[in-house]
Structures are given as C-alpha cells and as structure tokens.
Amino acid sequence: MPSIFFAGNKTNSGGALFATFNSKDQCAFFRLIKQTAWNETSSQASFAGGESFNVKFSHDEICDFIRAVREKDRSKFYHEFNGDVTSGNLGYYSKDYTDKNGKPAKSQGFGLTVKKANVEIKVGLSLGSAERLSRYLQFADDHINSAIYTQDKKEAEEYLKKKDATNKSNKVAVKKEPVKETPVEDADPVVDENVNPPEIVEGGEDNLNW
C-alpha cells in the first residue's frame, strides 16, 4: 500500500508523490507526477497526463530522509546510471510573511525536488505531511531490518545444518578387534658349540668338578 501525497498550487508548479518500498530489495520507490492544471473554482490541482518518473532509494537514503525530517534539515541525493542522472533533495524551509490582516506570520514545511534528465518535479509538504512521509519510511525501515534479520537467521541455520552434516559424515566408527596372540612354537635349545661340557670323572658325586 503506497503513501500518497498531492501537492498542487495556483502556479501550476506542484507535483504528486507515491511512495512504496520493497523490504526484500532493501529500498524505497518514489513515483513523481508533475501538475498539469489548477481549478480556481474548486481550488484543486490536476495531474492527469503529467510527466512522471520513478526513483529508487537505498536503505541509507531512506534513513537520511527520516533524519532530515526529524532534525528539520536537508537530505540530498545524486544517482547516475548508464549516463542518466537523477538528483534532488528533501529539505526544510521556513519563510516569514505578512498575513491578510497585516500581521507577521511564518510558513514552514518541506520541499521535495527531483530532477531526472530534463524533467524537474517539486512536491511541497506541510510539517504534517512530512511527518507522515517520515513515519511511512520508518515503517519501511522496520520491514527492511526484519527482512535482513530473517535472511541472516535462515543462512545461519542452513550453515550450521550443513556443518553438522559434514561433521557426522567425517566420523568413522572404529571397531576394536581382539588382539590375536601368535602361539610361540617350542624351539630347540640353543647350544653354544664353543662351550665344553663339564668333564665327568668317575668316582661318584664327590669327584665332580663344580
């Protein structure tokens, strides 16, 4: 659901703004339409058949628009793609004037100016309208952050799942088999041929030479 702003004027120099966003792509889109007529009787502007174009804004630019409205400041942007330039700003203004009763007064608000190629469109916003745009962009920012968190969580879970599967596949069950004892066969006694056997002398045990 877009947030829509119609800002026509008697000088026929106003414009209309349709703001939308895409949380998955982390961006916002402004569709701007140039005013084509003004009805003095009804004090209403017409935008039928007016020149129009779309502008895509990054997540950072969305947040800078919010900052500019909050601080009553100015946010500038400059885009260049394939030689085409889109530039502009959303800025606060304050103008002193004299009302119809001759008393001093002040006019405050924000102006959105966007130029693409040779077409420039201006959309005036009261303080209330600027606040509404800011809140819509804040809504977009919340959804973008939620989408980022969801995607990061999904990727983390998939990574841990793959890592766990890899660890399991690398674990090889090792069965311990009983050690088989190799029987030692009876071996013939080793005889050292260099050792002479004891000399047996007849005459009984007493005559043995130990």
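The values are calculated or read from the model by the stated rules, or taken from the named source; none is laboratory data. Values in this document were obtained by computation on a predicted structure and should not be read as measured data. Glycine gets a Cβ as well: all are built from the backbone with ideal geometry, and neighbour counts include every protein chain shown.
Take the residues in the stretch 12-34 that are assigned to a strand (DSSP E or B) and not hydrophobic (A, V, I, L, M, F, W, C); name whichever of them is surrounded by the most Cβ atoms within 10 Å (Cβ to Cβ). Give the steps one after another, and end with the answer.
Taking the stretch 12-34 as the starting set, the residues that turn out to be assigned to a strand (DSSP E or B) are 15-22, 27-34.
Add one more test, that the residue is not hydrophobic (A, V, I, L, M, F, W, C), and what stays is 15, 20, 22, 31, 34.
On the way: GLY15: 26, THR20: 16, ASN22: 14, ARG31: 15, LYS34: 20.
Checking each candidate, the answer is GLY15.
Yes or no, residue by residue, for (1) loosely packed, with under 11 Cβ neighbours inside 10 Å; (2) touching a Phe, Trp or Tyr at 6+ places or on another chain (Cβ under 6 Å); (3) closer than 19 Å to GLY8 by Cα:
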{"position": "LYS116", "(1), (2), (3)": "no, yes, no"}
{"position": "ILE121", "(1), (2), (3)": "no, no, yes"}
{"position": "TYR136", "(1), (2), (3)": "no, no, no"}
{"position": "ASP141", "(1), (2), (3)": "no, no, no"}
{"position": "ASN145", "(1), (2), (3)": "no, no, no"}
{"position": "THR150", "(1), (2), (3)": "no, no, no"}
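Within the stretch 39-57, track down each residue that is assigned to a strand (DSSP E or B) and among the charged types (D, E, K, R).
The one that is assigned to a strand (DSSP E or B) and among the charged types (D, E, K, R): LYS56.
Considering only the stretch 149-172, I want to know if a residue exists there that is in a helix (DSSP H, G or I) and closer than 30 Å to LYS72 by Cα. Lay out the reasoning, then the answer.
Step one: list which residues in the stretch 149-172 are in a helix (DSSP H, G or I), which gives 149-170.
Subsequent filtering for residues that are closer than 30 Å to LYS72 by Cα retains none.
Within the stretch 149-172, not a single residue is in a helix (DSSP H, G or I) and closer than 30 Å to LYS72 by Cα.
Just to be sure before I move on: is LYS115 modelled with pLDDT under 95 and either under 35 Å from the mean Cα position of the chain (by Cα) or among the charged types (D, E, K, R) (or both) in the structure I sent? Before you say what the answer is, go through the steps one by one.
Numbers: modelled with pLDDT under 95: no; either under 35 Å from the mean Cα position of the chain (by Cα) or among the charged types (D, E, K, R) (or both): yes.
Here the answer is no, as LYS115 does not meet what is asked.
Would you mention how many residues in the stretch 65-90 are farther than 12 Å from LYS116 by Cβ and surrounded by 14 or more Cβ atoms within 10 Å (Cβ to Cβ)?
Let us first name the residues in the stretch 65-90 that are farther than 12 Å from LYS116 by Cβ, namely 65-76, 82-83, 89-90.
With the extra rule that they be surrounded by 14 or more Cβ atoms within 10 Å (Cβ to Cβ), the set shrinks to 65-66, 68-69, 72, 74-75, 89-90.
Matching residues across the stretch 65-90 total 9.
Check the stretch 102-111 and report whether any residue there is part of a strand (DSSP E or B) and either among the basic types (Lys, Arg) or within 22 Å of GLN26 (Cα to Cα) (or both). Don't jump to the end; show me each part of the working.
Our first condition is that a residue be part of a strand (DSSP E or B); within the stretch 102-111, this holds for 104-111.
Restricting the remaining residues to those that are either among the basic types (Lys, Arg) or within 22 Å of GLN26 (Cα to Cα) (or both) gives 106.
Yes, because at least one residue in the stretch 102-111 is part of a strand (DSSP E or B) and either among the basic types (Lys, Arg) or within 22 Å of GLN26 (Cα to Cα) (or both).
Restricting to the stretch 112-138, give me the number of residues that are in contact (Cβ under 8 Å) with a residue 60 or more places away in the chain and assigned to a helix (DSSP H, G or I).
9
Here is a check on your reading of the model: is VAL69 assigned to a strand (DSSP E or B) and within 25 Å of PRO2 (Cα to Cα)? Before you say what the answer is, go through the steps one by one.
Values: assigned to a strand (DSSP E or B): no; within 25 Å of PRO2 (Cα to Cα): yes.
So VAL69 does not fit the description; no.
Could you check, for the stretch 32-40, whether at least one of its residues is touching a strand residue (DSSP E or B) at 6+ places or on another chain (Cβ under 9 Å), within 13 Å of ASN12 (Cα to Cα) and hydroxyl-bearing (Ser, Thr, Tyr)? Can you show your working first?
From the stretch 32-40, those touching a strand residue (DSSP E or B) at 6+ places or on another chain (Cβ under 9 Å) are 32-39; that's our starting set.
Narrowing further to those that are within 13 Å of ASN12 (Cα to Cα): 33-39.
When the remaining residues are screened for being hydroxyl-bearing (Ser, Thr, Tyr), the result is 36.
The answer is yes, given that some residue of the stretch 32-40 is touching a strand residue (DSSP E or B) at 6+ places or on another chain (Cβ under 9 Å), within 13 Å of ASN12 (Cα to Cα) and hydroxyl-bearing (Ser, Thr, Tyr).
Scan (1) at pLDDT 60 or above; (2) part of a helix (DSSP H, G or I) for the single condition ASP206 breaks and write down its number.
Status for ASP206: all satisfied but (1).
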